[in-house]
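Undergrad: First the structure, then my questions, so here it is.
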Amino acid sequence: MKHEILYKGAFPMLRVQLEAGENIKAEAGAMVSMSPNIELKGTVDGGIMKGLGRMLSGEKFFFQELTPNRGSGEVLLAPAVIGDIEAVELDGSYKLYVQKDGFLAGTSGIQVNTKMQNLMSGFMSGEGFFIVEISGRGTVFLSSYGAIHAVNLKPGEEVLIDNGHLVAWPDYTQYTIEKAAKGWISSLTSGEGVVCRFRGEGVVLIQTRNPKSFGGWIKQLLPGR
């Protein structure tokens, strides 16, 4: 499937060229424009239980599925927030864990499910007890708040990442959630709270902006505060 990410940076858009027999699924509301011969329909993709699971992880219950009826067609897709789009190729040998709202679109071989975190990880991470789990063979398009940066970890190499800056990581990369500083008081007063310790190998995708920090900045500007 031919695709191109237009206007890389703050306001990107995904252009997909669909040939006969091809289709793409995207988050609900992602379609910007499409050729007249493209059929658009809402789908749960996997049934009601998987749809409910995606809602628990912060995704939407429905997807939109786009398929050309006659010949080829073009689709333009865009995420809801200001940020980047990144294409990740999956070969079926591993699963990709993604932050809530991180899935934009995927080719027909991609499955979007949920994974339940353990009690401590769900409580401390700020992501909740469910995260998005993407598997299968094909291309998945991820969206972020801010630009996407790849952290390439060698075997045994470690890095600490603020959980609000996480976008995606492979299931074979080990990670634990811990306090940012040695003590809880320093962790909280530093403004960091908890971080994720990743141990390679693997590629961890992070975003250059933290939506919670931005929300706090907006809140202090609202009238009446």
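Undergrad: ³J(HN,Hα) across segment 68-84 via Karplus (A = 6.51, B = -1.76, C = 1.60, θ = phi - 60°), whole Hz, x for Gly/Pro?
TA: Per-residue couplings from phi come out as x, 7, 9, x, 9, x, 10, 10, 10, 10, 8, x, 7, 9, 6, x, 9 Hz.
Undergrad: Can you give the local net charge around G83? Use residues other than it whose beta-carbon is closer than 14 angstrom to its beta-carbon, Lys and Arg +1, Asp and Glu -1.
TA: Around G83, the surrounding residues sum to -1.
Undergrad: Calculate one ³J(HN,Hα) per residue across segment 159-164 by plugging θ = phi - 60° into the Karplus curve 6.51 cos²θ - 1.76 cosθ + 1.60, and present them in order as whole Hz with x for glycine and proline.
TA: Karplus-based 3J(HN,Hα) across segment 159-164 equals 8, 9, 10, 4, 4, x Hz.
Undergrad: Going down the list K179/K212; K95/K154; K8/K179, which pairs span over 22 Å between their C-alpha atoms?
TA: Beyond 22 Å: K8/K179.
Just so you know, all these numbers are worked out from the coordinates, no wet-lab data involved. The structure displayed is predicted, hence computed values, not measured ones. Note: ideal-geometry Cβ built from the backbone for every residue, glycine included; neighbour counts use all protein chains shown.
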